[in-house]
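What follows is one structure encoded as C-alpha coordinates, with my remarks underneath.
The values are calculated or read from the model by the stated rules, or taken from the named source; none is laboratory data. No experiment lies behind these values; they were computed from the predicted model shown. Glycine also receives a Cβ, built like all others from the backbone with ideal geometry; neighbour counts cover every protein chain displayed.
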Amino acid sequence: MKPQTPQTVNATEPGSARLVATLGFAGLLSGLIIVTVFEVTLPTITAYKAKILQEAVFKVLPGSTRLQRLVYREEKLAVVEEVGKEEEFVFGGYNPEGALVGYAIPGSGPGFQDIISLLYGYLPIQRKVVGMEILESRETPGLGDKIYKDAAFVANFDALSIDPEIVAVKMGSKSAPNEVDAITGATISSKAVVRIINQANQQWLQRLKIQQGE
(Lines give C-alpha, C1' and ligand atoms only; values in the text may rest on other atoms or scores of the structure.)
Protein backbone atom coordinates (compact mmCIF):
# COMPACT_ATOMS: atom_id res chain seq x y z
CA MET A 1 0.00 0.00 0.00
CA LYS A 2 1.35 3.39 -0.96
CA PRO A 3 1.54 5.98 1.78
CA GLN A 4 -1.06 8.73 1.44
CA THR A 5 0.26 12.09 0.37
CA PRO A 6 -0.82 14.86 2.80
CA GLN A 7 -3.27 17.21 1.17
CA THR A 8 -2.50 20.91 1.30
CA VAL A 9 -5.42 23.11 2.30
CA ASN A 10 -5.22 26.57 0.83
CA ALA A 11 -6.73 29.00 3.36
CA THR A 12 -7.87 32.15 1.72
CA GLU A 13 -7.01 35.19 3.86
CA PRO A 14 -9.66 37.88 4.03
CA GLY A 15 -8.93 40.97 2.01
CA SER A 16 -8.10 44.31 3.60
CA ALA A 17 -11.47 45.75 2.60
CA ARG A 18 -13.26 43.00 4.48
CA LEU A 19 -11.11 43.54 7.57
CA VAL A 20 -11.81 47.27 7.50
CA ALA A 21 -15.54 46.64 7.12
CA THR A 22 -15.56 44.15 10.01
CA LEU A 23 -13.66 46.51 12.30
CA GLY A 24 -15.89 49.39 11.29
CA PHE A 25 -19.02 47.39 12.08
CA ALA A 26 -17.61 46.32 15.46
CA GLY A 27 -16.74 49.93 16.28
CA LEU A 28 -20.20 51.13 15.25
CA LEU A 29 -21.88 48.45 17.34
CA SER A 30 -19.74 49.30 20.38
CA GLY A 31 -20.54 52.98 19.97
CA LEU A 32 -24.26 52.30 19.76
CA ILE A 33 -24.11 50.18 22.92
CA ILE A 34 -22.24 52.90 24.83
CA VAL A 35 -24.64 55.62 23.70
CA THR A 36 -27.67 53.48 24.56
CA VAL A 37 -26.36 52.68 28.04
CA PHE A 38 -25.55 56.36 28.61
CA GLU A 39 -29.02 57.50 27.51
CA VAL A 40 -30.71 54.87 29.68
CA THR A 41 -28.69 55.63 32.82
CA LEU A 42 -28.47 59.45 32.44
CA PRO A 43 -31.79 60.23 34.17
CA THR A 44 -30.83 58.03 37.12
CA ILE A 45 -27.37 59.61 37.39
CA THR A 46 -28.81 63.13 37.11
CA ALA A 47 -31.43 62.44 39.78
CA TYR A 48 -28.81 60.96 42.10
CA LYS A 49 -26.50 63.97 41.71
CA ALA A 50 -29.42 66.33 42.39
CA LYS A 51 -30.27 64.36 45.54
CA ILE A 52 -26.67 64.48 46.79
CA LEU A 53 -26.49 68.22 46.08
CA GLN A 54 -29.73 68.91 47.94
CA GLU A 55 -28.56 66.92 50.96
CA ALA A 56 -25.27 68.85 50.92
CA VAL A 57 -27.14 72.19 50.98
CA PHE A 58 -28.91 71.27 54.21
CA LYS A 59 -25.61 70.06 55.72
CA VAL A 60 -23.73 73.30 55.05
CA LEU A 61 -26.65 75.54 56.07
CA PRO A 62 -27.74 74.29 59.51
CA GLY A 63 -31.26 75.41 60.38
CA SER A 64 -32.51 75.55 56.79
CA THR A 65 -35.48 73.38 55.84
CA ARG A 66 -36.30 74.78 52.40
CA LEU A 67 -34.13 75.89 49.52
CA GLN A 68 -34.39 77.86 46.29
CA ARG A 69 -32.03 77.70 43.32
CA LEU A 70 -30.90 81.20 42.33
CA VAL A 71 -29.15 82.43 39.18
CA TYR A 72 -27.73 85.85 38.45
CA ARG A 73 -29.59 87.45 35.55
CA GLU A 74 -29.89 91.11 34.54
CA GLU A 75 -27.93 92.25 37.61
CA LYS A 76 -30.16 90.46 40.10
CA LEU A 77 -30.77 87.00 41.51
CA ALA A 78 -33.73 85.13 40.07
CA VAL A 79 -35.41 81.99 41.43
CA VAL A 80 -35.39 79.16 38.85
CA GLU A 81 -36.31 75.50 38.74
CA GLU A 82 -33.69 74.65 36.14
CA VAL A 83 -30.53 76.45 35.08
CA GLY A 84 -29.06 76.90 31.64
CA LYS A 85 -26.11 74.80 30.54
CA GLU A 86 -23.55 77.52 31.21
CA GLU A 87 -25.36 79.30 34.03
CA GLU A 88 -23.88 79.39 37.52
CA PHE A 89 -26.13 79.31 40.56
CA VAL A 90 -26.35 79.38 44.34
CA PHE A 91 -28.97 78.11 46.76
CA GLY A 92 -30.91 80.22 49.21
CA GLY A 93 -31.71 78.30 52.40
CA TYR A 94 -34.78 79.22 54.50
CA ASN A 95 -35.97 78.22 57.97
CA PRO A 96 -39.48 76.87 58.77
CA GLU A 97 -40.75 80.44 59.22
CA GLY A 98 -39.60 81.38 55.72
CA ALA A 99 -36.71 83.62 56.81
CA LEU A 100 -33.42 83.45 54.94
CA VAL A 101 -30.79 81.41 56.79
CA GLY A 102 -28.00 81.93 54.27
CA TYR A 103 -26.64 80.80 50.94
CA ALA A 104 -25.06 77.56 49.78
CA ILE A 105 -22.42 78.44 47.19
CA PRO A 106 -20.83 75.91 44.81
CA GLY A 107 -17.20 76.25 43.78
CA SER A 108 -14.60 74.26 41.90
CA GLY A 109 -10.95 74.48 40.94
CA PRO A 110 -7.74 72.49 40.49
CA GLY A 111 -6.40 70.47 43.40
CA PHE A 112 -3.24 68.37 43.53
CA GLN A 113 -4.59 65.58 41.28
CA ASP A 114 -7.69 66.90 39.54
CA ILE A 115 -10.62 69.29 39.86
CA ILE A 116 -12.15 69.64 43.33
CA SER A 117 -15.85 70.53 43.48
CA LEU A 118 -17.37 71.69 46.74
CA LEU A 119 -20.28 73.47 48.36
CA TYR A 120 -20.12 75.81 51.34
CA GLY A 121 -22.64 77.61 53.49
CA TYR A 122 -22.41 81.37 53.90
CA LEU A 123 -24.21 83.68 56.34
CA PRO A 124 -24.25 87.20 54.84
CA ILE A 125 -24.97 89.12 58.05
CA GLN A 126 -22.20 87.41 60.04
CA ARG A 127 -19.96 87.20 56.95
CA LYS A 128 -19.00 83.67 57.89
CA VAL A 129 -18.67 80.29 56.24
CA VAL A 130 -20.68 77.81 58.34
CA GLY A 131 -20.08 74.50 56.60
CA MET A 132 -18.20 72.89 53.73
CA GLU A 133 -18.93 69.71 51.80
CA ILE A 134 -16.72 68.17 49.11
CA LEU A 135 -18.92 67.10 46.21
CA GLU A 136 -16.27 65.59 43.96
CA SER A 137 -12.56 64.95 44.37
CA ARG A 138 -9.89 62.60 43.04
CA GLU A 139 -7.18 63.69 45.43
CA THR A 140 -4.57 61.13 46.54
CA PRO A 141 -6.07 58.40 48.77
CA GLY A 142 -4.71 58.61 52.30
CA LEU A 143 -3.44 62.18 51.82
CA GLY A 144 -5.43 64.60 49.67
CA ASP A 145 -8.70 62.81 50.34
CA LYS A 146 -8.43 64.01 53.94
CA ILE A 147 -10.05 67.26 52.79
CA TYR A 148 -13.34 65.41 53.26
CA LYS A 149 -12.32 62.47 55.46
CA ASP A 150 -10.50 64.44 58.18
CA ALA A 151 -13.21 65.69 60.56
CA ALA A 152 -10.85 68.23 62.15
CA PHE A 153 -10.11 69.84 58.79
CA VAL A 154 -13.78 69.96 57.79
CA ALA A 155 -14.60 71.52 61.18
CA ASN A 156 -12.40 74.50 60.24
CA PHE A 157 -15.32 75.67 58.10
CA ASP A 158 -18.05 75.52 60.75
CA ALA A 159 -17.62 79.16 61.82
CA LEU A 160 -14.99 80.71 59.58
CA SER A 161 -14.65 84.44 58.99
CA ILE A 162 -14.12 85.51 55.38
CA ASP A 163 -12.47 88.84 56.24
CA PRO A 164 -10.18 89.97 54.81
CA GLU A 165 -10.00 86.53 53.17
CA ILE A 166 -9.65 82.93 54.29
CA VAL A 167 -6.05 81.82 54.87
CA ALA A 168 -4.58 78.31 55.18
CA VAL A 169 -1.85 78.09 57.82
CA LYS A 170 0.46 75.36 59.08
CA MET A 171 -1.26 72.72 61.18
CA GLY A 172 -1.53 73.85 64.81
CA SER A 173 -0.74 77.52 64.13
CA LYS A 174 -4.31 78.73 63.59
CA SER A 175 -4.85 81.85 65.71
CA ALA A 176 -7.36 84.05 63.83
CA PRO A 177 -11.05 83.55 62.92
CA ASN A 178 -10.24 83.62 59.18
CA GLU A 179 -7.54 80.93 59.36
CA VAL A 180 -7.72 77.23 58.48
CA ASP A 181 -5.33 74.57 59.78
CA ALA A 182 -3.95 72.88 56.66
CA ILE A 183 -3.56 69.10 56.68
CA THR A 184 0.00 67.91 57.18
CA GLY A 185 1.02 65.99 54.07
CA ALA A 186 -1.86 67.41 52.06
CA THR A 187 -1.06 71.11 52.11
CA ILE A 188 -1.71 71.58 48.39
CA SER A 189 -5.19 70.06 48.64
CA SER A 190 -5.95 72.08 51.78
CA LYS A 191 -4.89 75.32 50.15
CA ALA A 192 -6.90 74.41 47.04
CA VAL A 193 -10.10 74.23 49.13
CA VAL A 194 -9.36 77.64 50.63
CA ARG A 195 -8.55 79.13 47.23
CA ILE A 196 -11.77 77.78 45.69
CA ILE A 197 -13.88 79.35 48.44
CA ASN A 198 -12.08 82.70 48.22
CA GLN A 199 -12.60 82.77 44.45
CA ALA A 200 -16.29 81.90 44.79
CA ASN A 201 -16.64 84.68 47.38
CA GLN A 202 -15.14 87.17 44.93
CA GLN A 203 -17.65 86.07 42.33
CA TRP A 204 -20.81 85.91 44.44
CA LEU A 205 -20.68 88.12 47.53
CA GLN A 206 -21.24 91.39 45.71
CA ARG A 207 -24.18 89.83 43.88
CA LEU A 208 -25.67 88.68 47.16
CA LYS A 209 -25.33 92.17 48.63
CA ILE A 210 -27.29 93.55 45.66
CA GLN A 211 -29.98 90.94 46.30
CA GLN A 212 -30.30 92.10 49.91
CA GLY A 213 -30.43 95.75 48.85
CA GLU A 214 -27.18 96.72 50.56
Return the total of residues in segment 141-171 being of a type in the set (Ser, Thr, Tyr), surrounded by fewer than 17 Cβ atoms within 10 Å (Cβ to Cβ) and touching a Ser or Thr at 6+ places or on another chain (Cβ under 9 Å).
-> 0
Under 6 Å by Cβ, and 6 or more places apart or on different chains, what pairs join a residue from segment 169-183 that is under 17 Å from ASP150 (Cα atoms) and free of Cβ contacts under 8 Å to residues at least 60 places away in the same chain with one that is among the aromatic types (Phe, Trp, Tyr) and buried (at least 17 other Cβ atoms within 10 Å of the Cβ)?
-> ILE183/PHE153
LYS174 fails exactly one of (1) loosely packed, with under 14 Cβ neighbours inside 10 Å; (2) charged (D, E, K, R); (3) over 23 Å from GLU55 (Cβ atoms), namely (1)
If you go through segment 193-214 one residue at a time, do you hit one that is without any contact (Cβ under 8 Å) to a residue 40 or more places away in the chain, surrounded by fewer than 19 Cβ atoms within 10 Å (Cβ to Cβ), of a type in the set (A, V, I, L, M) and over 30 Å from GLU74 (Cβ atoms)?
-> no
How about segment 125-139: which of its residues are crowded, with 16+ Cβ neighbours inside 10 Å and either more than 20 Å from GLY92 (Cβ to Cβ) or modelled with pLDDT under 95 (or both)?
-> ILE134, SER137, GLU139
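Can you name every residue in segment 142-186 that is in a strand (DSSP E or B) and more than 22 Å from the chain's Cα centre (by Cα)? First the steps, then the outcome.
Quick first cut of segment 142-186, residues in a strand (DSSP E or B) only: 160-161, 167-169, 179-181.
SER161, VAL169, GLU179, ASP181 - these are the residues of segment 142-186 that are in a strand (DSSP E or B) and more than 22 Å from the chain's Cα centre (by Cα).
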Please indicate, with yes or no, whether at least one residue in segment 101-110 is outside any strand (DSSP E or B) and touching a residue at least 12 places away in the same chain (Cβ under 8 Å).
-> no
Of the candidates VAL101, VAL90, the one satisfying the condition of being aliphatic (A, V, I, L, M), touching a Ser or Thr at 6+ places or on another chain (Cβ under 8 Å) and farther than 14 Å from ALA192 by Cα is VAL101
Keeping to segment 63-107, report how many residues are at pLDDT below 95 and touching a helix residue (DSSP H, G or I) at 6+ places or on another chain (Cβ under 6 Å).
-> 3
